[in-house]
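See below for the structure under consideration.
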Amino acid sequence: MDYKELLEFDDYAMDLTIRMAHHNSAMEGNSLTLGDTMSILIDRKTPIKSVSLDEVHEIENYRNFVPLILEFLERDKIIDEHLIGHFHSVLMRNILPDFGKFKTTYNEIIGAKKPTESPIMVQPRINDLCLKIQDEALLNLSGEEKIKKIAEHHIEFEEIHPFSDGNGRTGRALMFYQTIKANLTPFVIEVSARSEYMHAMR
């Protein structure tokens, strides 16, 4: 099955957009419900209840994500630092002042066993990761082996933690892109699996 072609169907693309927006944002503490997310993305209506503007922007930004994925797939865009920066820029626009740019100060993952990468080493580490992703995409791997590699890349990305914030949602966006490029079933990690996901990251 060609999942790139499926993404071109409006209903399928909107369903994925809603689920990504809700679960990825909820993973990071966003209080908006699945119903709120549908209201924002489908009806373009902000919930009446009191919510922060950042929470609304977090959801709204996903409206531009699937079209970006389709554009990059159409161009057969390789995974490099520019693609990763573009993902971060789209997902963190109107939330962070430094959206799309690598961090310039140290950050950390609460509860992690080891520190994140230093700012000065972010670019070379990301470049190395991208080259690894590009090389391994050429290997004749089974679907299960591809998923395992994508998961390993995601863990390494989160260990680098290249941005001041928004690393989790950018890393999961990268996984999503990798699965479609590999013609695997795209998946969304649901917030109900947050504990298991966070444990795997540490």
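Where a number appears in this text, it was derived from the coordinates with a stated rule and is not lab data. Predicted model, so just to flag it, every value in this text is computed and none were measured. Cβ sites come from the backbone with ideal geometry, for glycine too, and all protein chains shown count toward neighbours.
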ask   = If we count other beta carbons within 10 Å of each Cβ, what is the order of Phe9, Phe87, Phe99, fewest first?
value = Phe9, Phe99, Phe87
message = Quick check on the exposure proxy: order Ser31, Ser50 from fewest to most C-beta atoms within 10 angstrom.
response = Ser50, Ser31
Cut-off 14 Å between beta-carbons: net charge of the residues surrounding Gln123, Lys and Arg +1, Asp and Glu -1 = -1
note = With -39,500 (n - 2.57) per DSSP H segment of 4 or more residues and division by the full residue count of the chain, the 222 nm estimate, nearest 500 deg cm²/dmol, is -18000 deg cm²/dmol
message = Over 27 Å between Cα atoms: which of Lys101/Lys181; Lys77/Lys146; Lys77/Lys148; Lys77/Lys132; Lys113/Lys181; Lys49/Lys103 fall into that group?
response = Lys113/Lys181; Lys49/Lys103
request  = For segment 43-66 and segment 109-174, write down the distance between their C-alpha centroids in whole Å.
outcome  = 27
message = Full-extension gain between Lys148 and Ile78, please, as 0.36 nm times their residue separation minus the C-alpha to C-alpha distance.
response = 23.3 nm
request  = State, as an integer percentage, the relative contact order of the chain based on alpha-carbon contacts under 8 Å between residues 6 or more apart.
outcome  = 25
task = List the trypsin sites (Lys or Arg not before Pro) within segment 1-51 that fall in a DSSP loop (any state other than H, G, I, E or B) and whose Cβ has at most 16 other Cβ atoms within 10 Å.
result = Arg44, Lys45, Lys49
Semi-axes of the equivalent ellipsoid for segment 3-186, Cα gyration tensor, largest first, Å = 26, 22, 14
task = Go through 110-118, 53-61, 124-132, 188-196 and give me the packing order, highest mean Cβ count within 10 Å leading.
result = 53-61, 124-132, 188-196, 110-118
